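Structure first, commentary second.
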Amino acid sequence: MPDFPPLKNDLILRVARGESTKRTPVWMMRQAGRYLPEYQKVRSKHEFFDVVGTPELAAEVTIQPIDRFDLDAAIIFSDILVIPQALGLEVQMVKGKGPHFPEPLRSPSDMSRLTEEPDVDEELGHVYDALTLTRHELDGRVPLIGFSGAPWTLMAYMIEGGGSKNYKRARAWLYEAPDAAHSLLQQTTDVIVDYLIGQVRAGAQMLQVFDSWAGLFGPQTFRTFALPYLKQIAERVKKECPDVPMVVFAKGAHYALEDLVETEYEIIGLDWTMDPKAARLVVGERATLQGNLDPCTLYGDGETIRRAVQDMLAGFGSHRHIANLGHGMHPDHDPEHARIFVDSVHEVSEQMRGV
Ligand code: 1CP
């Protein structure tokens, strides 16, 4: 393990473990990105995947929101789609449109185009280098989060070839070719496990698994095609890295809360459609909850944002909660409204504890 600077703010790690803290820690999904003018400046000179692939640039944009706001964690600048790339698929980032796969998996026979056992260290070593450099440059200000897409969400992109309205092609596989679907999910899981362990070795202090399209499932399909792989990821990563907290963010999987509490993830990320109080009632103190302000709240004025933060914090309570948005920042968000969100979490959560 490289010799990293000592950590000065470990709030988020302590809340992950269930310890009490003087206030609620806060970070924002997609906190680095297009809503920040300093990010746009970097992107005007470099392509998206060049930023991801150049450790100095990835470190710079990872730290941009930390310099601007009082956040309690940094998340490494990369994308979930680096795993399909490691599996041998080409992914382009099209301006104004998002990710695009020129040759997606159109039928199970296309799986023969995937690299069977990719050398993850070789293929994704640039992300490890970015993590190591960022950890040094952060100088212990806040913990550094590593991440991966979940098997189902990555499968959905590999089959659809990009964002999609209803992900019909990918969902059709589950019924037309369930064996092929399981084999693809397992192959992706194996890469994700290596990748997450590699990220911890490179410097990640917490890990998040993004199952952004879990909401396309119902309870039964989730239990068949998502949950077993999500569980496997946590179990296998924990064997190697028992002390690194793991977040599962299964967006839209409100029906799966009880299932997720039973897994080894100590943190469950919630989207904004869930009621904090109701979620806490189900979960109790068995897990830390992360979330879940509707990102569109940030289009409101300061008073609106403050009131929404108050409601959210009151709902989750002052124990075992990491404040976040219920999904990522939007490119047209006003950075000053992100600041109001972060500062409100500080103020209100300290008031709640009588600090
Ligand atoms: O032009 C640009 O600069 C591209 C915009 C962008 C950015 C800033 C993309 C394309 N990816 C990212 C970075 C990114 N993506 C991060 C690191 C930054 C941070 O969080 O601070 C992370 C964690 C992701 C994860 C990611 N990528 C997810 C999971 C989270 C979520 O939003 O649900 C998903 C689904 C993606 C795919 C993706 N990459 C980019 C876009 C526009 C999309 C969504 C496409 C779609 O499905 O419509």
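Things to note:
- Accessible-area value, Leu87, 1.4 Å probe, nucleic acids and ligands omitted, Å²: 0
- Per residue, the solvent-accessible area of the chain (1.4 Å probe, heavy atoms of protein chains only, all protein chains present) comes to 41 Å².
- Phi to ³J(HN,Hα) by Karplus 6.51 cos²θ - 1.76 cosθ + 1.60 over segment 120-133, Hz, x for Gly, Pro: 5, 4, 6, 6, 10, x, 5, 5, 4, 4, 5, 5, 4, 5
- Distance from the C-alpha centroid of segment 264-295 to that of segment 33-48: 32 Å, rounded to the whole angstrom.
- Residue list for segment 57-101, given a label point 7 angstrom along the Cα-to-Cβ vector of Arg339 and an amide N cut-off under 11 Å: 68-70
- Solvent exposure of Asp129, expressed as accessible area, is near 90 Å², computed with a probe of 1.4 Å over the protein chains only.
- When you work out D = kT/(6 pi eta Rh) for segment 20-107 at 37 °C and 0.692 mPa s, using the Kirkwood radius from C-alpha pairs as Rh and the Stokes-Einstein form, the result is 224 µm²/s.
- Modelled FRET efficiency - R0 41 Å, Ala278 with Glu103, Cβ distances, 0.05 increments: 0.40
- Lys pairs, segment 11-352 - Cα-Cα below 18 angstrom, 8 or more residues apart or on other chains: 8
- Here the accessible area is traced with a 1.4 Å probe on the protein chains. For the chain, carbon and sulfur cover 47 percent of it.
- Segment Ala314..Thr224, full-extension length gain: 28.9 nm, with 0.36 nm per residue of separation and the alpha-carbon distance subtracted.
- Annotation for segment 46-100: trypsin sites (Lys or Arg not before Pro) lying in DSSP loop with at most 13 further Cβ atoms inside 10 Å of their Cβ are Lys95, Lys97.
- Note on Glu235 and Val94: the model spin-label points, each 7 Å out from Cα along the C-beta direction, lie 4.0 nm apart.
- Helix-only CD estimate at 222 nm, as mean residue ellipticity for the chain, using -39500 (n - 2.57) per DSSP H run (n ≥ 4): -14000 deg cm²/dmol
- Mean Cβ neighbour count within 10 Å, used as a protection proxy, ranking 4-10, 31-37 highest first: 31-37, 4-10
- Here the Karplus curve 6.51 cos²θ - 1.76 cosθ + 1.60, taken at θ = phi - 60°, turns the phi angles of segment 10-18 into couplings of 10, 3, 5, 5, 6, 5, 4, 7, x Hz, with x standing for Gly and Pro.
- GluC sites (Glu not before Pro), loop per DSSP, at most 10 other Cβ atoms within 10 Å - longest free stretch of the chain: 117-284
- For segment 45-51, 3J(HN,Hα) computed residue by residue from phi via the Karplus equation (6.51, -1.76, 1.60; θ = phi - 60°) reads 10, 9, 5, 3, 6, 6, 5 Hz, glycine and proline entered as x.
- Inter-probe distance in nm under a simple model that places probes 7 Å from Cα toward Cβ, at Arg201 and Asp119: 1.3
- In this structure, the amide hydrogen of Asp211, modeled 1.01 Å from its nitrogen in the peptide plane, lies closer than 5 angstrom to those of Ala150, Phe249, Ala250, Lys251, counting only residues at least 5 positions away or on a different chain.
- Kirkwood Rh and Cα Rg combined as Rg over Rh, evaluated for the chain: 0.94
- A simple spin-label model places pseudo-atoms 7 Å from Cα toward Cβ; at Asp332 and Val355 they are separated by 3.6 nm.
- Gained length - Glu47 relative to Asp70, 0.36 nm times residue gap less alpha-carbon distance: 5.4 nm
- DSSP beta bridges in the chain [antiparallel fraction, %, rounded to 5]: 15
The values are calculated or read from the model by the stated rules, or taken from the named source; none is laboratory data. Computed from a prediction, not measured in an experiment: that's the story for all the values here. Every residue, glycine as well, gets a Cβ built from its backbone with ideal geometry; the counts of neighbours run over all protein chains shown. What goes into the accessible areas is simple: the full protein's heavy atoms, side chains included, and nothing from ligands, DNA or RNA. Shrake-Rupley method; radii C 1.70, N 1.55, O 1.52, S 1.80 Å.
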